[in-house]
1. Is it the case that D134 is at pLDDT below 85, farther than 30 Å from E202 by Cβ, loosely packed, with under 11 Cβ neighbours inside 10 Å and not aliphatic (A, V, I, L, M)?
2. Quick one: in the range 143-178, of everything that is surrounded by fewer than 11 Cβ atoms within 10 Å (Cβ to Cβ) and of a type in the set (S, T, N, Q), which residue is nearest to F209 (Cα to Cα)?
3. So, in the range 49-83, of the ones that are of a type outside the set (A, V, I, L, M, F, W, C) and not in a helix (DSSP H, G or I), which residue ends up nearest to the chain's Cα centre (by Cα)?
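The values are calculated or read from the model by the stated rules, or taken from the named source; none is laboratory data. Just so we're clear, the structure is a prediction, and the values are computed from it rather than from any experiment. FYI the Cβ positions are ideal-geometry reconstructions off the backbone, even for glycines, and counts take in every protein chain you see.
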Amino acid sequence: MDTKTIEFEISAIHKKLDLITDQLQQNQARNMEMQELKNDLALIGKDMFDAAVEELEDVAPYFDTSDLIHLVKKLLRNTRNLSKMLTQLEGAEDLFRDLQPLGKQIFDEILDTLNEFDKKGYFEFFGEALKIVDTVVTTFNVEDVRLLRENIGAILLTVKGMTQPEMLGSVNNALSFFKKMDVDIKGDVSLLYLMRQLRDPEVKKGIAFSLEFVKNMAGPGE
């Protein structure tokens with residue numbers, strides 16, 4: 001073997017040794033980094049464990065290892081039910097997403113309806129109606145309301161009777177009569193004049209009606 005070949009082989013061996021040394025140094029650096037990471041994680045884990053132990057001391061009287069095992073078993077037995085529940089929640093989310101445009105449309109329609117009510121004066125009307133209720137509450141006491149409740153049937157019957165056509169006609173005639181109460185009767189009214197008026201059938205009916213009316217106002221007839 002000549003000198004050049006030996007030198008070439010020695011050079012190749014040196015290169016390989018340099019490469020191996022390089023890799024060993026890199027591995028040693030990585031090992032040091034991993035060890036440092038392990039040490040840091042160990043410190044963090046120890047701090048977390050100490051903190052967890054300290055926090056769990058409050059619930060220690062109410063917690064037992066068997067409870068945790070029972071909970072895990074229960075979760076495992078109900079895995080399918082939990083999966084179904086999550087699927088339903090996903091479906092509900094999709095439904096809510098689909099209903100959002102419809103909800104906006106309904107909300108807009110409600111706003112338009114309320115705006116229309118406001119233009120027609122509904123809110124102002126209800127405001128005045130509430131004032132009426134307030135006036136009733138401040139004017140009448142509980143006893144008045146109780147009496148009203150007890151006699152509401154008789155009051156409604158009276159109102160019903162007053163709304164009959166013949167009663168409305170009589171009330172209308174009475175109002176017309178009261179409007180003419182200021183009529184000035186000219187001349188002296190003699191007894192003979194009154195006697196003659198009493199012979200008029202309409203006058204007789206009027207007097208009989210007045211007597212019957214006064215009689216019924218005083219009390220129910222027998």
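1. No, not satisfied.
2. Ranking the candidates gives N173 first.
3. Start the filter on the range 49-83 by keeping residues that are of a type outside the set (A, V, I, L, M, F, W, C), which leaves 50, 54-55, 57-58, 61-62, 64-67, 70, 73-74, 77-81, 83.
Then keep just the ones that are not in a helix (DSSP H, G or I); that gives 57-58, 64, 78.
Numbers: E57: 43, D58: 39, D64: 43, N78: 35 Å.
My answer is N78.
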